[in-house]
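Each reported figure results from applying straightforward, stated rules to the coordinates on display, with no laboratory input. What you are looking at is a predicted structure, and each value in this text was computed from that prediction instead of being measured. Neighbour counts are summed over all protein chains in view; Cβ atoms, including those assigned to glycine, are modelled from backbone coordinates with ideal geometry.
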Amino acid sequence: MTPPLVDPFGRAIRYVRVSVTDRCDYRCAYCMPEDMNFLPKRDVLSLEELDRLCSAFVRLGARKLRVTGGEPLVRREVMTLFRKLARHLDSGALDELTLTTNGSQLARFAAELADCGVRRINVSLDTLDPAKFRAVTRWGDLDQVLAGLEAAEAAGLKIKINAVALKGFNDEEAPDLVAWAHGRGFDLTFIEVMPLGAVERDRFDQFLPLTVLRASLERRFTLTASLHESGGPARYFDVAETGGRLGFITPLTHNFCERCNRVRLTSVGKLYLCLGHDAGVDLRALLRASPDDAPLEAAIRAAIRLKPEGHDFIVERTGSHASTARHMSETGG
Ligand code: SAM
Ligand code: SF4
């Protein structure tokens, strides 16, 4: 196995998330403003360039690739990229090729994803109420996502639901979400909203600490700290009543950066070493300057040496600020 790149804090970088587009068919109220400005199309990497970039990371020891966005499944011909990347699964260079999606296009693509070697996917779903779903996504149709989930199940994909905890929105509904997800055999993870990019509302009005959510879940369920470890930021609990597993991702109330094993690539070829920092390294120019991958790999090695120790998000009534100018949809969630 290729030895991994190691950052200055001794963390092995085995995981790359790649945003294949910053565009989306939804406008989730915590993710982006309704009149979002997207990256210029001319700057966006071709699927061949994205494959070259991802493959450079695989050669440098990345074992897991997550395709994300924006909404990855709205990128035209995105399955061509999955098909190409699948060769790294076949060769054994990659352990996992996976996807984070809002589910809107899953009914169309689930079978083909499975055929490309995708085994598990994350689907984002914050509510099961059709009107609330439309309100939070602004443009989304819950039935379409539920049909997508069915298609994914039929294709044999293992599903994890990600729900952003939103104050006054899904706090009451959270126990029902747990019962629903576990009843369907899905894992479920709640995520604290992060101050990434500007949206219309103050982040303080959206932020629901998971400490509060957990207390409300414990009125209905018995949660026991789980031994399960995904290598990621989530902490897991077993839910006695459902037999399912519940994750909490708490970038604000409990920082997890010491275990960070990931970097993020944007659709315009910028490499971000941390979700919570604005500094990124442009790899597009190198990619387009020469077909030789050696300078690209050298730039990636140099960039990993710049990985910051961690993020420092703040959401307070008096001092909320966007930690980064860019939105989660640009960096890749
Ligand atoms: N469009 C796809 C989706 O929604 O799953 C993939 C990209 S989306 C940016 C990835 C994840 O980031 C989603 O689970 C979404 O809920 C989450 N997300 C977006 N903005 C966020 C924010 N400001 N704080 C926390 N999570 C956020
Ligand atoms: Fe689109 Fe995902 Fe952002 Fe929602 S969270 S607007 S689905 S990128």
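Things to note:
- Given R0 = 35 Å, the distance between the Cβ atoms of S91 and R301 translates into a calculated FRET efficiency of 0.95.
- Local electrostatic count at R264 - Lys and Arg +1, Asp and Glu -1, tallied over other residues with Cβ under 10 Å: +3
- Burial order of peptide ranges 160-168, 133-141 (average beta-carbon count within 10 Å, highest first): 160-168, 133-141
- DSSP beta bridges in the range 15-331 [antiparallel fraction, %, rounded to 5]: 30
- Each of L217, L146, L196 was scored by other Cβ atoms within 10 Å of its Cβ. Listed from fewest to most, they are L146, L217, L196.
- Distance from the range 5-74 to the range 237-313 (C-alpha centre basis), Å: 10
- Flagged links, alpha-carbon separation over 20 Å, of K41/K132; K64/K160; K41/K307; K270/K307; K64/K270; K158/K270: K41/K132; K41/K307; K158/K270
- When the Gaussian network model of the chain links Cα atoms closer than 10 Å, the mean-square fluctuations of E71, E34, E192 top out at E34.
- Cysteines of the chain lacking any other cysteine Cβ under 4.7 Å from their own Cβ: C24, C54, C116, C257, C260, C274.
- Euclidean distance of C-alpha centroids, the range 100-168 and the range 175-202, integer Å: 12
- Selection among M194, P175, Q144 by position relative to the dipole of the chain gives M194 as farthest towards the positive end (Cβ unit charges, Cα centre).
- The long axis of helix 78-90 is offset from the longest Cα principal axis of the chain by roughly 80 degrees.
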